[in-house]
Amino acid sequence: MKNTRLSVKFPGKGWAFAKPTNKVREELGISYYRIGFEFCVVERTVRIPSSRTKYSQVGSGGDYLARDIFGNLTVMKKKIYDTLYPSQSYTPPPKSPLSSEALKDPNFLTKIAEGAATLEYNRTQRSASTRRTSRY
């Protein structure tokens, strides 16, 4: 049988069938919903939401419910969801391209050099063992 019903344990009210409403993503025909309470997905033949013997997958508050295009439901743990879909970090806007006006600034190359990391070859010193000795 396919899991097509959502049962949620609402605080103070117990288990009840519910419809997912908090869609957070849709990817390749799969809709993802964040569920804030303990929940399970059950076969469509289950008629009593508190019948734990018929639950096939249980999710904790904060886990996700995935629904495919056929209406099948699956529990996706938060850790797995976060691994598959990491939160987007801030990306600064691209810098505008330089023009010939920037090259007229006498300190243009100095500013670039000051912003660059110190390179190893700039700090290399000649050691005493590199002196040439005559074999004759």
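Out of curiosity, is E27 among the acidic types (D, E) and in contact with a strand residue (DSSP E or B) (Cβ under 6 Å, 6 or more places away or on another chain)?
Details: among the acidic types (D, E): yes; in contact with a strand residue (DSSP E or B) (Cβ under 6 Å, 6 or more places away or on another chain): no.
No; evaluated as a whole, the condition is false for this residue.
What do you reckon, is Y64 modelled with pLDDT of 90 or more, touching a helix residue (DSSP H, G or I) at 6+ places or on another chain (Cβ under 6 Å) and surrounded by 10 or more Cβ atoms within 10 Å (Cβ to Cβ)?
Judged against the criteria, Y64 is a match.
Taking the options T4, T21, name whichever one is assigned to a loop (DSSP other than H, G, I, E, B), within 21 Å of Y81 (Cβ to Cβ) and among the polar types (S, T, N, Q).
Values: T4 fails: assigned to a loop (DSSP other than H, G, I, E, B).
Step by step, each of T4, T21 is checked, and only T21 is assigned to a loop (DSSP other than H, G, I, E, B), within 21 Å of Y81 (Cβ to Cβ) and among the polar types (S, T, N, Q).
Consider only pairs whose beta carbons are under 8 Å apart and that are at least six residues apart or on different chains; among these, list those whose first residue lies in the stretch 1-27 and is in contact (Cβ under 8 Å) with a residue 40 or more places away in the chain and surrounded by 10 or more Cβ atoms within 10 Å (Cβ to Cβ) and whose second residue is acidic (D, E) and in a strand (DSSP E or B).
Matching pairs, first to second residue: M1/E43; K2/E43; N3/E43; T4/E43; R5/E43.
Sort out which residues of the stretch 68-109 are surrounded by 12 or more Cβ atoms within 10 Å (Cβ to Cβ), at pLDDT below 90 and part of a loop (DSSP other than H, G, I, E, B), and write them in order of number.
Result: Y85, single match.
Residue check: is T21 among the polar types (S, T, N, Q), modelled with pLDDT under 90 and within 27 Å of the chain's Cα centre (by Cα)?
Judged against the criteria, T21 is a match.
Condition first: out of contact with any strand residue (DSSP E or B) (no Cβ under 8 Å at 6 or more places or on another chain), under 22 Å from L84 (Cα atoms) and outside any strand (DSSP E or B). Can you find one or more residues in the stretch 35-42 that meet it?
yes
The values are calculated or read from the model by the stated rules, or taken from the named source; none is laboratory data. Every value quoted in this text rests on a predicted model; they were computed, and no experiment measured them. Counting neighbours? That spans all protein chains shown, and the Cβs are built from the backbone with ideal geometry, glycine included.
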